[in-house]
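The values are calculated or read from the model by the stated rules, or taken from the named source; none is laboratory data. Worth saying up front: this structure is predicted, and the values here are computed from it rather than measured. Here the Cβ is made from the backbone with ideal geometry for all residues, glycine too, and neighbour counts use every protein chain on show.
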Amino acid sequence: MELVLVRHALPHRLVVPGGVADPELSPEGRRQAAALGRVLATEPLHAVYASPLRRAEQTAAPVAAAVGLTPRRRDGLAEWDRDAADYIPVEELKATGDPRWDALAAQRWDELGVDIEAFRRRVLTTVAAIAADHPGERVAVVCHGGVINVVAADVLGLEQVLFFEPAYTSLTRVLVARDGTRSLRSLNEAGHLLHPPA
C-alpha cells in the first residue's frame, strides 16, 4: 500500500492568549489546497485521512471532494503543538530569530514543553493502523510537518526527529508491504504548487 503524507496548506498566523490557537487556512493556503486537490484527483485514492486541526481538515476537503470521498479524522495525526496558544508559521519564527526556532532546530524539546517520545509513539501507532486498514491501496494522510518528519525519519532509521522542512501541501510517499516493510518512495514533492489553479 502507499501512504501519501501531505503537509497542510498555509494557515493564518494566530495568537490566542490563554487559549488554543487552531487557525484556518489563509487565502494563499486555500489556493495551495485547491492545487493539491487537482493533482491528487489524477491518482486513485481509496481513503483520505486528516488531523483534527482546522488547517489539516481544510486542506483535506478539496482532496476528498475531488475523489468523491469523505475525510476521516484521526486524533493521532495532530501536531506536537496542538495545544499551543499561538500558531506562527515556521518561516516567520526562523526569519525573526524567535527562540522557539532555535529550540526546534537544535531539537531541545524540553524548552518547547514537548514529550517527543510520546509524540513519536502516537504518530507511528496511528499511521501503522491506517496502513494496516488499507492493504494494497493508496491513502492520503493530511497532517503536519512534525508528523511527516517522524514517519519519514522512522522509515529511514534516523535518530533525529526533525530532519527536513516539508513544503506546504507537499507530498511524501511511503510504501508499506504486507509484511510491514516500509520504504520511502519520495520526499517533499511540491511541483503542483508551480502551476496552481486560477
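Observations, loosely collected:
- Residue count for the stretch 1-20 satisfying the condition of being modelled with pLDDT of 95 or more and of a type in the set (Gly, Ala, Ser): 1.
- Enumeration of residues in the stretch 3-21 that are in a loop (DSSP other than H, G, I, E, B), out of contact with any Cys (no Cβ under 8 Å at 6 or more places or on another chain) and buried (at least 17 other Cβ atoms within 10 Å of the Cβ): Ala9, Leu10, Ala21
- Close Cβ contacts (under 6 Å, 6 or more residues apart or on different chains) running from residues in the stretch 55-71 that are touching a residue at least 60 places away in the same chain (Cβ under 8 Å) to residues that are among the small types (Gly, Ala, Ser) and assigned to a helix (DSSP H, G or I) comprise Thr59/Ala33; Val63/Gly37; Pro71/Ala60; Pro71/Ala64.
- For the criterion of being under 18 Å from the mean Cα position of the chain (by Cα), in contact (Cβ under 8 Å) with a residue 12 or more places away in the chain, surrounded by fewer than 15 Cβ atoms within 10 Å (Cβ to Cβ) and part of a loop (DSSP other than H, G, I, E, B), Pro52 passes.
- Applying the set (1) assigned to a loop (DSSP other than H, G, I, E, B); (2) more than 24 Å from Ile116 (Cα to Cα); (3) at pLDDT 95 or above; (4) not hydrophobic (A, V, I, L, M, F, W, C) to Pro197 leaves exactly one unmet item: (3).
- Reported count of residues in the stretch 75-133, each being at pLDDT 95 or above, acidic (Asp, Glu) and part of a helix (DSSP H, G or I), is 2.
Residue-by-condition table, conditions (1) surrounded by 12 or more Cβ atoms within 10 Å (Cβ to Cβ); (2) touching a residue at least 24 places away in the same chain (Cβ under 8 Å):
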site	(1), (2)
Asp83	yes, yes
Glu91	yes, no
Thr96	no, no
Ala106	no, no
Ile116	yes, yes
Val151	yes, yes
Asp154	yes, yes
Leu171	yes, yes
Asp179	no, no
